[in-house]
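K.L.:
First the structure, which I've put down as structure tokens, then a few questions once you've had a look.
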Amino acid sequence: MTDGEKAPAFRPLYQQVRETLVRRLIDGVWTPGLMLPSEFQIAADLGVSQGTVRKALDAMTAEHLLVRRQGRGTFVALPEEGRILFQFFRLAADDGTRLFPDSQVLSRVRGRADAAATKALQLARNDAVWRIDRVRHLGGRAVIAEQITLPVTKFPSLAEIRDLPNNVYALYSEIFSITIGRAMEQLKATGADATTAARLNCQPGHPVLSIERVAFALDGSPVEWRLSRCVTDGFHYQSDLR
């Protein structure tokens, strides 16, 4: 790969370099917290210019895959860092405060994928999945009731982990070498069912925001299906469009 090569107009050279570097994250060559080689070293390794590498690293930094630390270098992002969690956690207080959520795991069971999970995670019917039910609190108040569904094939030893962390994306990365690169969400206004109402201390039928999310690994495969139901009295879903 050289700067002189003709790349298709829709896929500039720096994007090809980005894809090569992302593959190092996927393959575990570069692990969370690792300091990257210098731009000069990466450029020499790939046979491209330093400027091309810089553009690729800038793109990965904007995607929160890397973190630049002034005077120290560029590092693979740690999923537990607040900036990474808030990339995917969009609920904020009405006064604009971004609160860090606390989570209470209610259950973790192994079962068979139903039709909805099969479609969302691109599984075969009746493939084994984990289902995690939990309640998330903001400022001490139960605000989110959610169920997370994961393919057992990608998270085979989940049962061996005694305490699931608040930020499960850190767990995916550090234990299972699965980094979440992007997520797709669908939002809908609905009413709380009896189970949700009991978990969120509201009446059945109380207005809640339903958020269905599919999270994808860096290789583009779906690895998590999550259904969250949120009370929005004092809270709102915040998305920054850039």
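K.L.:
Applying 1/(1 + (r/R0)^6) with R0 = 22 Å to the Cβ-Cβ distance of H137 and A194, what FRET efficiency is obtained, to the nearest 0.05?
P.N.:
0.60
K.L.:
Quick one: what are the phi-derived ³J(HN,Hα) couplings along segment 139-146, Karplus 6.51/-1.76/1.60 with θ = phi - 60°, whole Hz, x for glycine and proline?
P.N.:
Per residue, the Karplus-derived 3J(HN,Hα) values read x, x, 10, 5, 10, 10, 10, 9 Hz.
K.L.:
Right, next: Which cross-chain or sequence-distant (5 or more) residues have an amide H under 5 Å from the amide H of A192, H modelled 1.01 Å from N in plane?
P.N.:
Excluding prolines and chain starts, which carry no amide H, the hits are G205, H206, V208.
K.L.:
If each DSSP helix of 4+ residues adds -39,500 (n - 2.57) and the sum is divided by the residues in the chain, what number results at 222 nm, nearest 500 deg cm²/dmol?
P.N.:
The per-residue figure over the chain is -7500 deg cm²/dmol.
K.L.:
Under a point spin-label approximation (7 Å from Cα along Cα-to-Cβ), what is the L78-T31 distance to one decimal in nm?
P.N.:
In this crude label model, L78 to T31 measures out at 1.4 nm.
K.L.:
Sticking with this one: For A124 and M184 in the same chain, what is the full-extension length gain: residue separation times 0.36 nm, less their Cα-Cα distance, in nm?
P.N.:
Net length gain for the segment: 19.5 nm.
K.L.:
Could you provide, to the nearest whole Å², the per residue accessible area of segment 70-224 with probe 1.4 Å?
P.N.:
Dividing the accessible area of segment 70-224 by its residue count gives 50 Å².
K.L.:
Express the relative contact order of the chain as a whole percentage, based on alpha carbon pairs under 8 Å and six or more residues apart in sequence.
P.N.:
Reported as a whole number, the value is 17 percent.
K.L.:
Now for a different question. What are the equivalent ellipsoid semi-axes of the chain, built from the alpha-carbon gyration tensor (square roots of five times its eigenvalues), in whole angstrom, biggest first?
P.N.:
One finds semi-axes of 36, 21, 17 Å for the chain.
K.L.:
Next up: Just how large is the dipole of the chain about the Cα centre, in debye to the nearest 20, putting +1 at every Lys and Arg Cβ and -1 at every Asp and Glu Cβ?
P.N.:
The calculated dipole for the chain is roughly 200 debye.
K.L.:
Same structure again: Report, by chain and number, residues whose modeled amide H sits under 5 Å from the one on E224, excluding near sequence neighbours (fewer than 5 apart, same chain).
P.N.:
Placed amide hydrogens put A215 under 5 Å from E224.
K.L.:
Label R162 and R24 with points 7 Å out from Cα along Cα→Cβ: what is the distance between them in nm?
P.N.:
Distance between label points: 3.7 nm.
K.L.:
³J(HN,Hα) across segment 154-166 via Karplus (A = 6.51, B = -1.76, C = 1.60, θ = phi - 60°), whole Hz, x for Gly/Pro?
P.N.:
8, 10, x, 9, 4, 5, 7, 8, 5, 10, 6, x, 4
The values are calculated or read from the model by the stated rules, or taken from the named source; none is laboratory data. Not measured: the values here are computed from a predicted model. Neighbour counts are summed over all protein chains in view; Cβ atoms, including those assigned to glycine, are modelled from backbone coordinates with ideal geometry. Just the protein is used for accessible areas: all its heavy atoms, side chains included, with ligands, DNA and RNA removed. Shrake-Rupley method; radii C 1.70, N 1.55, O 1.52, S 1.80 Å.
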